[in-house]
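Q: I am attaching a structure below and will ask some questions about it afterwards.
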Amino acid sequence: MQKKPWDIFIYKEKPQKEKFELLEIKEDDNNEHSDIEHSNIEHRSGKEAYIYSDIKANLKRIKEDFRIPQNADIIVRELKICGHIDAFLVFIDGLIDKKILNETLLNSLMSGTRGMDYEEADLIDALADNIINIGIVKKHNLFDKIENMITNGFCALFIDGYNKCLLLELVEYAKRSIEKPENEKTIRGSKESFIEDLPTNVSMLRRLFRNKNLIVEYMKIGAENNIGCAIIYVNGIINPEILKELKKRINKVKSESIIGSGMLEQRIEDNKWMIFPQMLNTERPDRAVSLLMEGKALIMVEGSPSVNAVPITFFNLYHTSEDNSLRWYYGSFISLIRLLGVFLAVFLPGFYIALVLYSQEMISSELLASIAGAREGVPFPTIVELTLMEVAFELIREASSRVPGTIGETLGIVGALILGQAAVQAGLVSPILIIIVAASGIASFVIPDYSLSSAVRITRFFFILMGYLAGFYGISIGMFVFFALMSIMKSFGVPFLAPIAPKLRTSPDIILVKPIDTMKYRPDELNAVKKRKKK
(Lines give C-alpha, C1' and ligand atoms only; values in the text may rest on other atoms or scores of the structure.)
Protein backbone atom coordinates (compact mmCIF):
# COMPACT_ATOMS: atom_id res chain seq x y z
CA MET A 1 0.00 0.00 0.00
CA GLN A 2 1.41 3.37 -1.02
CA LYS A 3 2.00 5.62 1.98
CA LYS A 4 1.57 9.35 1.87
CA PRO A 5 4.17 11.67 3.41
CA TRP A 6 1.62 13.26 5.72
CA ASP A 7 0.52 9.88 7.12
CA ILE A 8 3.54 9.66 9.44
CA PHE A 9 1.19 10.25 12.37
CA ILE A 10 -0.61 7.01 11.57
CA TYR A 11 1.96 4.81 9.95
CA LYS A 12 5.01 5.45 12.13
CA GLU A 13 3.34 5.05 15.50
CA LYS A 14 4.17 1.82 17.28
CA PRO A 15 1.24 -0.59 17.39
CA GLN A 16 -0.23 -1.28 20.79
CA LYS A 17 -2.15 -4.27 21.97
CA GLU A 18 -5.84 -3.54 21.54
CA LYS A 19 -8.26 -4.10 24.38
CA PHE A 20 -11.28 -4.17 22.12
CA GLU A 21 -14.30 -5.55 23.92
CA LEU A 22 -17.17 -6.50 21.62
CA LEU A 23 -20.75 -6.54 22.69
CA GLU A 24 -21.15 -10.00 21.18
CA ILE A 25 -19.73 -12.40 23.80
CA LYS A 26 -18.31 -15.66 22.50
CA GLU A 27 -17.75 -18.78 24.55
CA ASP A 28 -15.54 -21.79 24.12
CA ASP A 29 -17.76 -24.78 24.91
CA ASN A 30 -14.74 -26.96 25.66
CA ASN A 31 -13.49 -24.67 28.41
CA GLU A 32 -16.01 -22.68 30.31
CA HIS A 33 -13.29 -20.45 31.81
CA SER A 34 -11.37 -19.77 28.60
CA ASP A 35 -12.67 -16.23 27.99
CA ILE A 36 -11.40 -15.01 31.36
CA GLU A 37 -8.03 -14.43 29.71
CA HIS A 38 -9.55 -12.23 27.02
CA SER A 39 -11.88 -10.07 29.13
CA ASN A 40 -11.26 -6.97 31.16
CA ILE A 41 -12.81 -8.19 34.41
CA GLU A 42 -13.08 -5.78 37.27
CA HIS A 43 -13.09 -8.10 40.28
CA ARG A 44 -15.11 -6.96 43.21
CA SER A 45 -13.35 -7.01 46.51
CA GLY A 46 -14.13 -10.24 48.33
CA LYS A 47 -16.58 -11.51 45.68
CA GLU A 48 -16.33 -14.51 43.39
CA ALA A 49 -16.00 -13.74 39.67
CA TYR A 50 -17.74 -16.95 38.51
CA ILE A 51 -21.32 -17.94 39.23
CA TYR A 52 -22.05 -20.70 41.73
CA SER A 53 -23.68 -24.08 41.25
CA ASP A 54 -25.95 -23.33 44.22
CA ILE A 55 -28.93 -21.31 43.05
CA LYS A 56 -29.45 -19.73 46.47
CA ALA A 57 -25.92 -18.31 46.40
CA ASN A 58 -26.51 -16.94 42.90
CA LEU A 59 -29.82 -15.38 43.92
CA LYS A 60 -28.23 -13.77 46.96
CA ARG A 61 -25.38 -12.38 44.85
CA ILE A 62 -27.75 -10.94 42.25
CA LYS A 63 -29.87 -9.27 44.92
CA GLU A 64 -26.77 -7.79 46.55
CA ASP A 65 -25.27 -6.49 43.30
CA PHE A 66 -28.50 -4.97 42.00
CA ARG A 67 -29.64 -3.87 45.49
CA ILE A 68 -33.00 -5.63 45.36
CA PRO A 69 -35.67 -4.67 46.53
CA GLN A 70 -34.34 -1.10 46.79
CA ASN A 71 -33.80 -1.15 43.04
CA ALA A 72 -37.47 -1.45 42.10
CA ASP A 73 -37.23 -2.09 38.33
CA ILE A 74 -34.97 -5.16 38.64
CA ILE A 75 -37.34 -8.14 38.48
CA VAL A 76 -36.51 -11.63 39.79
CA ARG A 77 -38.97 -14.33 38.67
CA GLU A 78 -38.54 -17.66 40.42
CA LEU A 79 -39.84 -20.83 38.73
CA LYS A 80 -39.35 -24.58 38.45
CA ILE A 81 -38.02 -26.47 35.44
CA CYS A 82 -38.82 -30.13 34.71
CA GLY A 83 -41.38 -29.97 37.49
CA HIS A 84 -39.01 -29.60 40.43
CA ILE A 85 -35.62 -28.01 39.49
CA ASP A 86 -35.34 -24.54 40.99
CA ALA A 87 -34.50 -21.67 38.63
CA PHE A 88 -35.01 -17.92 38.40
CA LEU A 89 -35.06 -15.23 35.73
CA VAL A 90 -33.56 -11.74 36.15
CA PHE A 91 -34.45 -8.81 33.90
CA ILE A 92 -35.07 -5.07 33.96
CA ASP A 93 -38.65 -3.90 33.67
CA GLY A 94 -39.06 -1.64 30.65
CA LEU A 95 -36.13 -3.07 28.66
CA ILE A 96 -37.68 -6.40 27.62
CA ASP A 97 -40.69 -7.53 25.63
CA LYS A 98 -43.14 -8.76 28.27
CA LYS A 99 -45.37 -10.39 25.67
CA ILE A 100 -42.57 -12.71 24.56
CA LEU A 101 -41.60 -13.29 28.20
CA ASN A 102 -45.08 -14.33 29.28
CA GLU A 103 -46.37 -16.12 26.19
CA THR A 104 -43.20 -17.72 24.87
CA LEU A 105 -40.36 -17.99 27.37
CA LEU A 106 -42.23 -18.82 30.58
CA ASN A 107 -44.51 -21.20 28.74
CA SER A 108 -41.51 -23.01 27.22
CA LEU A 109 -39.66 -23.28 30.52
CA MET A 110 -42.55 -24.32 32.74
CA SER A 111 -44.70 -26.39 30.36
CA GLY A 112 -42.26 -27.45 27.66
CA THR A 113 -39.83 -29.09 30.10
CA ARG A 114 -42.34 -31.50 31.63
CA GLY A 115 -41.27 -35.07 30.99
CA MET A 116 -37.82 -33.92 29.97
CA ASP A 117 -34.82 -35.97 31.09
CA TYR A 118 -33.49 -33.55 33.69
CA GLU A 119 -30.60 -35.88 34.47
CA GLU A 120 -29.18 -35.18 31.04
CA ALA A 121 -25.46 -34.36 31.00
CA ASP A 122 -26.03 -30.64 30.43
CA LEU A 123 -29.51 -29.30 30.98
CA ILE A 124 -28.30 -25.82 29.94
CA ASP A 125 -27.44 -27.02 26.42
CA ALA A 126 -30.66 -29.01 26.16
CA LEU A 127 -32.75 -25.96 27.03
CA ALA A 128 -30.87 -23.73 24.59
CA ASP A 129 -31.07 -26.24 21.74
CA ASN A 130 -34.52 -27.77 22.15
CA ILE A 131 -36.81 -25.82 24.45
CA ILE A 132 -36.19 -22.06 24.40
CA ASN A 133 -37.46 -20.60 21.13
CA ILE A 134 -35.79 -17.20 21.42
CA GLY A 135 -33.70 -15.77 18.58
CA ILE A 136 -30.45 -15.09 20.45
CA VAL A 137 -29.34 -17.29 23.35
CA LYS A 138 -25.90 -16.95 24.97
CA LYS A 139 -24.16 -18.84 27.76
CA HIS A 140 -21.86 -17.27 30.31
CA ASN A 141 -20.39 -17.95 33.74
CA LEU A 142 -19.00 -14.53 34.81
CA PHE A 143 -21.08 -12.36 37.11
CA ASP A 144 -19.74 -9.11 35.65
CA LYS A 145 -20.61 -10.08 32.08
CA ILE A 146 -24.02 -11.45 33.04
CA GLU A 147 -24.97 -8.33 34.98
CA ASN A 148 -23.75 -6.13 32.14
CA MET A 149 -25.92 -8.02 29.65
CA ILE A 150 -28.93 -7.69 31.96
CA THR A 151 -28.50 -3.89 31.94
CA ASN A 152 -28.50 -4.09 28.12
CA GLY A 153 -31.95 -5.70 28.02
CA PHE A 154 -31.11 -9.41 28.20
CA CYS A 155 -32.94 -11.81 30.49
CA ALA A 156 -30.70 -14.10 32.57
CA LEU A 157 -31.76 -17.64 33.48
CA PHE A 158 -30.05 -19.31 36.47
CA ILE A 159 -30.65 -23.03 37.16
CA ASP A 160 -29.86 -24.89 40.37
CA GLY A 161 -26.89 -27.22 40.08
CA TYR A 162 -25.28 -25.51 37.08
CA ASN A 163 -22.49 -22.97 37.07
CA LYS A 164 -23.48 -21.47 33.73
CA CYS A 165 -26.21 -19.00 32.94
CA LEU A 166 -28.39 -18.55 29.86
CA LEU A 167 -28.73 -15.01 28.49
CA LEU A 168 -31.87 -14.50 26.40
CA GLU A 169 -32.38 -11.50 24.15
CA LEU A 170 -35.79 -10.02 24.82
CA VAL A 171 -34.79 -6.40 24.21
CA GLU A 172 -37.76 -4.12 23.65
CA TYR A 173 -38.15 -0.52 24.80
CA ALA A 174 -39.87 2.67 23.74
CA LYS A 175 -38.13 4.67 21.02
CA ARG A 176 -38.82 7.59 18.75
CA SER A 177 -40.12 6.94 15.26
CA ILE A 178 -38.10 7.86 12.17
CA GLU A 179 -38.72 11.50 11.21
CA LYS A 180 -37.49 14.13 8.77
CA PRO A 181 -34.03 15.65 9.31
CA GLU A 182 -34.09 18.80 11.43
CA ASN A 183 -30.69 20.28 10.60
CA GLU A 184 -29.90 18.89 7.12
CA LYS A 185 -33.01 19.67 5.12
CA THR A 186 -32.91 19.10 1.37
CA ILE A 187 -35.23 19.61 -1.58
CA ARG A 188 -34.34 16.30 -3.21
CA GLY A 189 -33.14 13.13 -1.56
CA SER A 190 -34.16 11.08 1.43
CA LYS A 191 -36.57 12.51 4.00
CA GLU A 192 -35.59 10.28 6.92
CA SER A 193 -33.03 10.76 9.66
CA PHE A 194 -31.31 8.73 12.34
CA ILE A 195 -32.91 8.29 15.75
CA GLU A 196 -31.51 7.53 19.20
CA ASP A 197 -31.74 3.73 18.86
CA LEU A 198 -28.46 2.14 17.71
CA PRO A 199 -29.90 -1.06 16.11
CA THR A 200 -32.46 0.99 14.18
CA ASN A 201 -29.76 3.30 12.84
CA VAL A 202 -27.64 0.34 11.74
CA SER A 203 -30.64 -1.22 10.00
CA MET A 204 -31.23 2.03 8.08
CA LEU A 205 -27.68 1.85 6.75
CA ARG A 206 -28.09 -1.84 5.90
CA ARG A 207 -31.22 -1.03 3.92
CA LEU A 208 -29.41 1.58 1.81
CA PHE A 209 -26.14 -0.38 1.49
CA ARG A 210 -26.92 -4.05 0.86
CA ASN A 211 -23.44 -5.47 0.66
CA LYS A 212 -21.69 -8.21 2.61
CA ASN A 213 -18.59 -6.02 2.93
CA LEU A 214 -20.40 -3.54 5.19
CA ILE A 215 -18.92 -4.32 8.60
CA VAL A 216 -20.47 -3.29 11.94
CA GLU A 217 -18.34 -3.75 15.06
CA TYR A 218 -19.99 -3.21 18.46
CA MET A 219 -18.21 -2.18 21.63
CA LYS A 220 -18.84 -0.54 25.00
CA ILE A 221 -17.65 2.94 25.99
CA GLY A 222 -17.88 4.69 29.35
CA ALA A 223 -16.54 2.94 32.43
CA GLU A 224 -19.76 3.46 34.40
CA ASN A 225 -22.66 3.80 31.97
CA ASN A 226 -21.36 1.12 29.51
CA ILE A 227 -23.15 2.65 26.55
CA GLY A 228 -23.24 0.93 23.19
CA CYS A 229 -21.08 2.14 20.31
CA ALA A 230 -20.55 0.90 16.76
CA ILE A 231 -17.79 1.35 14.21
CA ILE A 232 -19.08 0.94 10.65
CA TYR A 233 -16.95 0.68 7.52
CA VAL A 234 -16.74 -1.03 4.14
CA ASN A 235 -14.18 -3.81 4.10
CA GLY A 236 -12.01 -3.64 0.99
CA ILE A 237 -12.39 0.14 0.62
CA ILE A 238 -11.31 1.75 3.89
CA ASN A 239 -7.62 2.19 4.64
CA PRO A 240 -6.83 -0.43 7.36
CA GLU A 241 -4.46 1.98 9.11
CA ILE A 242 -7.24 4.53 9.60
CA LEU A 243 -9.49 1.84 11.05
CA LYS A 244 -6.74 0.65 13.38
CA GLU A 245 -6.07 4.19 14.60
CA LEU A 246 -9.77 4.80 15.23
CA LYS A 247 -10.13 1.65 17.35
CA LYS A 248 -7.01 2.49 19.33
CA ARG A 249 -8.26 5.98 20.18
CA ILE A 250 -11.67 4.75 21.29
CA ASN A 251 -10.08 2.09 23.49
CA LYS A 252 -7.98 4.78 25.16
CA VAL A 253 -11.05 6.70 26.33
CA LYS A 254 -11.13 6.41 30.13
CA SER A 255 -14.18 8.56 30.85
CA GLU A 256 -16.67 7.32 33.45
CA SER A 257 -19.59 8.15 31.18
CA ILE A 258 -20.06 8.99 27.51
CA ILE A 259 -23.45 10.50 26.77
CA GLY A 260 -23.76 11.13 23.07
CA SER A 261 -21.43 11.24 20.09
CA GLY A 262 -20.30 14.80 20.89
CA MET A 263 -18.51 13.72 24.06
CA LEU A 264 -16.77 10.85 22.27
CA GLU A 265 -15.78 13.17 19.43
CA GLN A 266 -13.97 15.53 21.80
CA ARG A 267 -12.00 12.65 23.32
CA ILE A 268 -10.70 11.09 20.11
CA GLU A 269 -10.10 14.10 17.84
CA ASP A 270 -6.54 14.97 16.78
CA ASN A 271 -6.20 18.43 18.33
CA LYS A 272 -8.57 19.65 21.03
CA TRP A 273 -7.37 23.26 20.69
CA MET A 274 -8.29 23.77 17.03
CA ILE A 275 -11.38 25.84 16.39
CA PHE A 276 -12.42 23.92 13.29
CA PRO A 277 -14.20 20.54 13.57
CA GLN A 278 -12.17 17.42 12.83
CA MET A 279 -15.14 15.08 12.38
CA LEU A 280 -18.23 15.33 10.25
CA ASN A 281 -21.58 14.92 11.96
CA THR A 282 -24.63 13.92 9.94
CA GLU A 283 -28.18 12.87 10.73
CA ARG A 284 -28.92 11.61 7.21
CA PRO A 285 -28.52 7.88 6.36
CA ASP A 286 -28.05 8.62 2.65
CA ARG A 287 -25.12 10.94 3.34
CA ALA A 288 -23.63 8.42 5.76
CA VAL A 289 -23.68 5.78 3.00
CA SER A 290 -21.96 8.14 0.55
CA LEU A 291 -19.23 8.77 3.15
CA LEU A 292 -18.77 5.03 3.60
CA MET A 293 -18.32 4.62 -0.15
CA GLU A 294 -15.55 7.23 -0.12
CA GLY A 295 -13.57 5.13 2.35
CA LYS A 296 -14.51 6.77 5.64
CA ALA A 297 -15.52 5.10 8.91
CA LEU A 298 -18.70 5.93 10.83
CA ILE A 299 -19.02 6.11 14.62
CA MET A 300 -22.47 5.52 16.11
CA VAL A 301 -23.25 6.01 19.79
CA GLU A 302 -26.39 4.78 21.53
CA GLY A 303 -28.65 7.72 22.34
CA SER A 304 -27.36 10.01 19.57
CA PRO A 305 -29.58 10.79 16.55
CA SER A 306 -26.54 11.33 14.32
CA VAL A 307 -23.26 9.68 13.33
CA ASN A 308 -19.68 10.93 13.11
CA ALA A 309 -17.52 10.27 10.04
CA VAL A 310 -13.70 10.17 9.98
CA PRO A 311 -11.36 11.22 8.52
CA ILE A 312 -12.63 14.45 6.93
CA THR A 313 -11.41 17.55 5.12
CA PHE A 314 -12.75 21.10 4.90
CA PHE A 315 -14.54 20.28 1.65
CA ASN A 316 -16.52 17.46 3.28
CA LEU A 317 -17.90 20.06 5.70
CA TYR A 318 -18.53 22.52 2.87
CA HIS A 319 -20.64 20.26 0.65
CA THR A 320 -24.13 18.94 1.33
CA SER A 321 -25.73 15.60 0.54
CA GLU A 322 -27.90 17.34 -2.07
CA ASP A 323 -25.03 18.58 -4.25
CA ASN A 324 -24.78 15.32 -6.19
CA SER A 325 -28.55 14.86 -6.32
CA LEU A 326 -28.92 17.98 -8.49
CA ARG A 327 -27.71 18.36 -12.06
CA TRP A 328 -24.13 19.58 -12.13
CA TYR A 329 -24.82 23.18 -13.18
CA TYR A 330 -27.50 23.61 -10.48
CA GLY A 331 -25.13 22.15 -7.90
CA SER A 332 -22.25 24.34 -9.07
CA PHE A 333 -24.36 27.51 -8.83
CA ILE A 334 -25.49 26.66 -5.30
CA SER A 335 -21.92 25.79 -4.33
CA LEU A 336 -20.67 29.18 -5.54
CA ILE A 337 -23.43 30.94 -3.59
CA ARG A 338 -22.36 28.96 -0.53
CA LEU A 339 -18.73 30.00 -1.07
CA LEU A 340 -19.79 33.66 -1.25
CA GLY A 341 -21.76 33.15 1.97
CA VAL A 342 -18.70 31.75 3.76
CA PHE A 343 -16.61 34.73 2.60
CA LEU A 344 -19.21 37.30 3.73
CA ALA A 345 -19.81 35.55 7.06
CA VAL A 346 -16.09 35.60 7.92
CA PHE A 347 -14.76 38.84 6.43
CA LEU A 348 -17.58 41.37 5.80
CA PRO A 349 -17.68 43.05 9.26
CA GLY A 350 -13.87 43.10 9.44
CA PHE A 351 -13.61 44.62 5.95
CA TYR A 352 -16.15 47.28 6.89
CA ILE A 353 -14.32 48.43 9.99
CA ALA A 354 -10.94 48.36 8.19
CA LEU A 355 -12.39 50.38 5.32
CA VAL A 356 -14.03 53.00 7.53
CA LEU A 357 -11.15 53.47 9.95
CA TYR A 358 -8.03 53.04 7.78
CA SER A 359 -8.83 53.11 4.06
CA GLN A 360 -11.42 55.82 3.54
CA GLU A 361 -9.69 56.89 0.31
CA MET A 362 -10.86 53.62 -1.26
CA ILE A 363 -14.49 54.70 -0.84
CA SER A 364 -16.18 56.93 -3.40
CA SER A 365 -17.11 60.42 -2.24
CA GLU A 366 -20.85 59.74 -2.50
CA LEU A 367 -20.68 56.51 -0.46
CA LEU A 368 -18.35 58.12 2.08
CA ALA A 369 -20.77 61.02 2.51
CA SER A 370 -23.64 58.56 2.94
CA ILE A 371 -21.76 56.61 5.61
CA ALA A 372 -20.77 59.80 7.43
CA GLY A 373 -24.34 61.10 7.33
CA ALA A 374 -25.70 57.79 8.66
CA ARG A 375 -23.21 57.84 11.57
CA GLU A 376 -24.01 61.41 12.51
CA GLY A 377 -25.23 61.51 16.07
CA VAL A 378 -24.11 57.94 16.94
CA PRO A 379 -22.44 58.20 20.38
CA PHE A 380 -20.22 55.11 20.09
CA PRO A 381 -17.01 54.46 18.16
CA THR A 382 -17.35 52.16 15.15
CA ILE A 383 -15.76 49.18 16.91
CA VAL A 384 -18.12 49.44 19.89
CA GLU A 385 -21.11 49.92 17.62
CA LEU A 386 -20.21 46.88 15.50
CA THR A 387 -19.41 44.66 18.48
CA LEU A 388 -22.71 45.51 20.22
CA MET A 389 -24.73 44.65 17.12
CA GLU A 390 -22.84 41.41 16.52
CA VAL A 391 -23.41 40.33 20.13
CA ALA A 392 -27.10 41.29 19.89
CA PHE A 393 -27.46 39.22 16.71
CA GLU A 394 -25.85 36.20 18.39
CA LEU A 395 -28.15 36.60 21.39
CA ILE A 396 -31.22 36.59 19.15
CA ARG A 397 -29.92 33.56 17.25
CA GLU A 398 -29.24 31.62 20.45
CA ALA A 399 -32.57 32.58 22.01
CA SER A 400 -34.54 31.56 18.91
CA SER A 401 -32.84 28.14 18.87
CA ARG A 402 -33.70 27.40 22.52
CA VAL A 403 -37.43 28.11 22.50
CA PRO A 404 -40.03 25.75 20.98
CA GLY A 405 -40.68 25.53 17.23
CA THR A 406 -42.66 28.35 15.69
CA ILE A 407 -42.15 30.55 18.75
CA GLY A 408 -38.40 30.48 18.14
CA GLU A 409 -38.79 31.45 14.48
CA THR A 410 -41.11 34.29 15.44
CA LEU A 411 -38.74 35.44 18.17
CA GLY A 412 -35.83 35.55 15.75
CA ILE A 413 -37.65 37.60 13.10
CA VAL A 414 -39.53 39.95 15.43
CA GLY A 415 -36.57 40.39 17.77
CA ALA A 416 -34.23 41.37 14.93
CA LEU A 417 -36.74 43.81 13.42
CA ILE A 418 -37.66 45.47 16.68
CA LEU A 419 -34.14 45.75 18.04
CA GLY A 420 -32.68 46.98 14.75
CA GLN A 421 -35.41 49.55 14.14
CA ALA A 422 -35.35 50.77 17.72
CA ALA A 423 -31.56 51.05 17.77
CA VAL A 424 -31.53 53.14 14.56
CA GLN A 425 -34.33 55.43 15.72
CA ALA A 426 -32.62 55.95 19.06
CA GLY A 427 -29.41 56.94 17.28
CA LEU A 428 -27.37 54.17 18.90
CA VAL A 429 -26.24 52.56 15.63
CA SER A 430 -26.11 53.57 11.98
CA PRO A 431 -28.42 51.99 9.37
CA ILE A 432 -25.51 50.77 7.23
CA LEU A 433 -24.12 48.86 10.17
CA ILE A 434 -27.44 47.06 10.56
CA ILE A 435 -27.11 45.99 6.91
CA ILE A 436 -23.53 44.77 7.43
CA VAL A 437 -24.40 42.71 10.54
CA ALA A 438 -27.58 41.28 8.98
CA ALA A 439 -25.78 40.32 5.76
CA SER A 440 -22.95 38.55 7.57
CA GLY A 441 -25.41 36.82 9.91
CA ILE A 442 -27.62 35.57 7.08
CA ALA A 443 -24.56 34.43 5.13
CA SER A 444 -23.50 32.20 8.04
CA PHE A 445 -26.72 30.20 7.65
CA VAL A 446 -25.65 28.89 4.23
CA ILE A 447 -22.88 26.83 5.86
CA PRO A 448 -24.31 23.27 6.01
CA ASP A 449 -22.29 21.94 8.97
CA TYR A 450 -23.25 23.33 12.40
CA SER A 451 -19.76 22.95 13.89
CA LEU A 452 -18.15 24.74 10.94
CA SER A 453 -20.80 27.46 11.16
CA SER A 454 -19.99 27.96 14.85
CA ALA A 455 -16.28 28.21 14.01
CA VAL A 456 -17.03 30.83 11.36
CA ARG A 457 -19.10 32.89 13.79
CA ILE A 458 -16.23 32.96 16.30
CA THR A 459 -13.69 33.69 13.57
CA ARG A 460 -15.70 36.73 12.52
CA PHE A 461 -14.99 38.41 15.86
CA PHE A 462 -11.26 37.73 15.41
CA PHE A 463 -11.20 39.48 12.02
CA ILE A 464 -13.20 42.40 13.42
CA LEU A 465 -10.47 42.86 16.04
CA MET A 466 -7.67 42.55 13.46
CA GLY A 467 -9.38 45.07 11.18
CA TYR A 468 -9.74 47.49 14.08
CA LEU A 469 -6.09 47.15 15.14
CA ALA A 470 -4.34 47.33 11.76
CA GLY A 471 -6.89 47.65 8.97
CA PHE A 472 -6.39 45.48 5.90
CA TYR A 473 -2.86 44.66 7.06
CA GLY A 474 -4.31 43.15 10.21
CA ILE A 475 -6.88 41.17 8.22
CA SER A 476 -4.10 39.89 5.94
CA ILE A 477 -2.09 38.75 8.97
CA GLY A 478 -5.19 37.07 10.40
CA MET A 479 -5.84 35.26 7.10
CA PHE A 480 -2.24 34.04 7.02
CA VAL A 481 -2.50 32.74 10.60
CA PHE A 482 -5.80 30.95 9.99
CA PHE A 483 -4.74 29.35 6.72
CA ALA A 484 -1.49 28.24 8.36
CA LEU A 485 -3.44 26.64 11.20
CA MET A 486 -5.80 24.95 8.75
CA SER A 487 -2.82 23.67 6.76
CA ILE A 488 -1.30 21.89 9.76
CA MET A 489 -4.63 20.48 10.96
CA LYS A 490 -5.25 16.78 10.49
CA SER A 491 -8.17 14.45 10.90
CA PHE A 492 -6.82 10.98 11.71
CA GLY A 493 -3.65 11.78 9.79
CA VAL A 494 -5.42 13.31 6.76
CA PRO A 495 -4.63 17.02 6.05
CA PHE A 496 -7.63 19.29 6.64
CA LEU A 497 -7.14 21.23 3.38
CA ALA A 498 -6.49 18.21 1.17
CA PRO A 499 -6.60 17.89 -1.83
CA ILE A 500 -5.45 21.53 -2.20
CA ALA A 501 -2.74 21.56 0.47
CA PRO A 502 -1.09 19.21 -0.36
CA LYS A 503 -2.14 19.05 -4.00
CA LEU A 504 -3.46 15.59 -4.88
CA ARG A 505 -5.32 13.81 -7.61
CA THR A 506 -8.92 13.73 -6.54
CA SER A 507 -12.53 13.80 -7.66
CA PRO A 508 -13.25 17.02 -9.57
CA ASP A 509 -15.93 18.36 -7.17
CA ILE A 510 -13.77 20.42 -4.80
CA ILE A 511 -15.89 23.56 -5.13
CA LEU A 512 -17.75 23.18 -8.41
CA VAL A 513 -19.92 20.14 -9.04
CA LYS A 514 -19.17 18.37 -12.33
CA PRO A 515 -21.06 15.62 -14.17
CA ILE A 516 -21.37 12.57 -11.97
CA ASP A 517 -19.80 10.22 -14.52
CA THR A 518 -16.51 12.17 -14.29
CA MET A 519 -16.06 11.20 -10.63
CA LYS A 520 -14.03 8.07 -11.26
CA TYR A 521 -11.74 8.05 -8.22
CA ARG A 522 -12.19 8.08 -4.48
CA PRO A 523 -10.51 10.93 -2.56
CA ASP A 524 -6.78 10.35 -2.82
CA GLU A 525 -6.07 11.70 0.68
CA LEU A 526 -7.87 8.69 2.22
CA ASN A 527 -5.53 6.23 0.49
CA ALA A 528 -8.39 3.78 0.07
CA VAL A 529 -7.73 0.16 -0.88
CA LYS A 530 -9.93 0.52 -3.98
CA LYS A 531 -9.09 3.92 -5.43
CA ARG A 532 -11.18 3.68 -8.57
CA LYS A 533 -14.96 3.52 -8.43
CA LYS A 534 -16.88 0.97 -10.45
CA LYS A 535 -18.55 2.33 -13.56
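The values are calculated or read from the model by the stated rules, or taken from the named source; none is laboratory data. Everything numeric here is computed off the predicted structure, so don't read it as measured data. Cβ atoms come from the backbone with ideal geometry, glycine included; neighbour counts cover every protein chain shown. Note: accessible area is taken over every heavy atom of the protein model, side chains too, but ligands, DNA and RNA are not part of it. Shrake-Rupley method; radii C 1.70, N 1.55, O 1.52, S 1.80 Å.
Q: If I filter segment 497-518 for residues that are buried (at least 17 other Cβ atoms within 10 Å of the Cβ) and on the phi > 0 side of the Ramachandran plot, do I get at least one hit?
A: No, segment 497-518 has no match at all.
Condition check ((1) touching a Gly at 6+ places or on another chain (Cβ under 7 Å); (2) closer than 26 Å to Ser332 by Cα; (3) polar (S, T, N, Q); (4) assigned to a helix (DSSP H, G or I)) across all residues:
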site: Val424; (1), (2), (3), (4): no, no, no, yes
site: Ile432; (1), (2), (3), (4): no, no, no, yes
site: Ser453; (1), (2), (3), (4): no, yes, yes, yes
site: Met466; (1), (2), (3), (4): yes, no, no, yes
site: Gly474; (1), (2), (3), (4): yes, no, no, yes
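Q: Does any residue of segment 525-534 turn out to be in a helix (DSSP H, G or I) and either under 30 Å from Ile242 (Cβ atoms) or in contact with a helix residue (DSSP H, G or I) (Cβ under 8 Å, 6 or more places away or on another chain) (or both)? Steps first, answer last, please.
A: To start, the set of residues in segment 525-534 that are in a helix (DSSP H, G or I) comprises 525-526.
Now narrow it down to the ones that are either under 30 Å from Ile242 (Cβ atoms) or in contact with a helix residue (DSSP H, G or I) (Cβ under 8 Å, 6 or more places away or on another chain) (or both): 525-526.
Yes: segment 525-534 contains one or more residues that are in a helix (DSSP H, G or I) and either under 30 Å from Ile242 (Cβ atoms) or in contact with a helix residue (DSSP H, G or I) (Cβ under 8 Å, 6 or more places away or on another chain) (or both).
Q: Still on this model: So which residues in segment 222-263 are assigned to a strand (DSSP E or B), more than 29 Å from Lys533 (Cα to Cα) and open to solvent by 10 Å² or more (accessible area, probe 1.4 Å), if there are any at all?
A: Ile227, Gly228, listed by residue number.
Residues are listed down the side, and each one gets a yes or a no for (1) of a type in the set (A, V, I, L, M); (2) modelled with pLDDT under 90; (3) open to solvent by less than 10 Å² (accessible area, probe 1.4 Å):
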| position | (1), (2), (3) |
| --- | --- |
| Gly427 | no, yes, no |
| Ser440 | no, no, yes |
| Ser451 | no, no, no |
| Gly474 | no, no, yes |
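Q: Applying the selection to segment 494-508, what residues are in a loop (DSSP other than H, G, I, E, B) and modelled with pLDDT of 90 or more?
A: Matches in segment 494-508: Phe496, Leu497.
Q: So which of Leu326, Leu264 ends up being modelled with pLDDT of 90 or more and among the hydrophobic types (A, V, I, L, M, F, W, C)?
A: Leu264
Q: Another question about this same structure. Just wondering, is there one or more residues in segment 95-103 that are open to solvent by less than 40 Å² (accessible area, probe 1.4 Å), assigned to a helix (DSSP H, G or I) and more than 19 Å from Glu48 (Cβ to Cβ)?
A: Yes, because at least one residue in segment 95-103 is open to solvent by less than 40 Å² (accessible area, probe 1.4 Å), assigned to a helix (DSSP H, G or I) and more than 19 Å from Glu48 (Cβ to Cβ).
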